[in-house]
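These notes concern the structure reproduced below.
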Amino acid sequence: MNCSACEARLSARIDGDLSLSEAKAVDAHLSTCPACRALAQDLRTVEIQLEGLRGIEPRADFTASVMAAIATLPAPKPAGVRWRWFVAYLAAAWALLIGLTMTRVINWQHAFAAAATELGKVGAAGSTLADVASRSHLTTLAAGAFGMEMFVLAVGAIVLRRYLPRLTGWLAGAQAI
């Protein structure tokens, strides 16, 4: 056994945590190596000194005194809204929006026209179905058309909610440079 292997096992040897074969190997090395023997003696001295120390126990009223001190502290006030920062951010956002609109980075007409076209198609389809149903005196068909229109609108809302964050650049009319 070399010195580094012995040093790694010394604490376990002193504590009695080594197997019999490992303990014999450490003892054999200690009998031939004065440096490791001195280190083992130092570790034993530290162990003996630590055993002689008495434990530190808190006073019996420690918890009660800490809780009483906490009770006398004023209650923390909730953080208020920092209106100045909020107004500054809001003003900056509006300035940015106006600037992007004026430089035609955001094309509101295109965004609203695209949305209106799609909604118009859905409305026209529903209206046509309802008109055909009313001329044919088929109220159940008219109710079905209305239900279909509501279903298409609901699916459209769900799809928009899911995919709108990915399409914001397109909807805002951002142009690729």
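Nothing in this text is a laboratory measurement; each read-out follows from the coordinates by a stated rule. Remember, predicted model here, so these are calculated numbers, not experimental data. Here the Cβ positions follow ideal geometry from the backbone for every residue, glycine too, while neighbour counts run over all protein chains shown.
Taking only Cα atoms, what is the 0 to 90° angle, nearest 10, from helix 83-102's long axis to the longest principal axis of the chain?
So the helix axis and the longest Cα principal axis differ by about 50 degrees.
Going by a ≥ b ≥ c, the root eigenvalues of the Cα gyration tensor, does segment 3-52 fall in the rounded group (a/c under 1.5), the prolate group (a/b larger than b/c) or the oblate group?
Working: a/c = 2.31, a/b = 1.34, b/c = 1.73.
Verdict is oblate for segment 3-52.
What does the charge count near Ala69 come to, summing +1 for each Lys or Arg and -1 for each Asp or Glu among other residues with Cβ under 14 Å from its Cβ?
Details: positive: Arg59; negative: Asp61.
Spelling it out: positives minus negatives among the neighbours equals 0.
For helix 3-15, report the angle its Cα long axis makes with the longest principal axis of the Cα atoms of the chain; keep it between 0 and 90° and round to the nearest 10°.
80 degrees
Per-residue HN-Hα couplings for segment 116-126, Karplus 6.51 cos²θ - 1.76 cosθ + 1.60 at θ = phi - 60°, whole Hz, x for Gly and Pro?
Values, residue by residue: 5, 4, 5, 5, x, 4, 5, x, 5, 5, x Hz.
Size of the dipole of the chain about the Cα centre, Lys and Arg at +1 and Asp and Glu at -1 on the beta carbon, nothing else charged, in debye to 20? Before the final figure, lay out the partial values.
Details: 16 positive and 13 negative charges, 201 e Å.
Result for the chain is approximately 960 debye, rounded to the nearest 20.
Sequence gap at least 6, Cα distance under 8 Å: using those rules, report the relative contact order of the chain to the nearest whole percent. Write down the numbers at each step before the final one.
Details: 67 pairs, mean separation 29.1, N = 177.
Relative contact order of the chain: 16 percent.
With a 10 Å radius around each residue's Cβ, average the other Cβ atoms per peptide and rank 33-46, 89-102, highest first.
Values: 33-46: 13.5, 89-102: 11.1.
The densest-packed peptide leads the list: 33-46, 89-102.
Karplus couplings for segment 46-57 from phi (6.51 cos²θ - 1.76 cosθ + 1.60, θ = phi - 60°), rounded to Hz, Gly and Pro as x?
In residue order, the calculated couplings are 4, 4, 5, 5, 5, 5, x, 6, 8, x, 9, 10 Hz.
Once the Cα atoms of helix 20-32 and of the chain are each reduced to a long axis, what angle between those two axes, in degrees from 0 to 90 to the nearest 10, is obtained?
That helix lies at roughly 60 degrees to the long axis.
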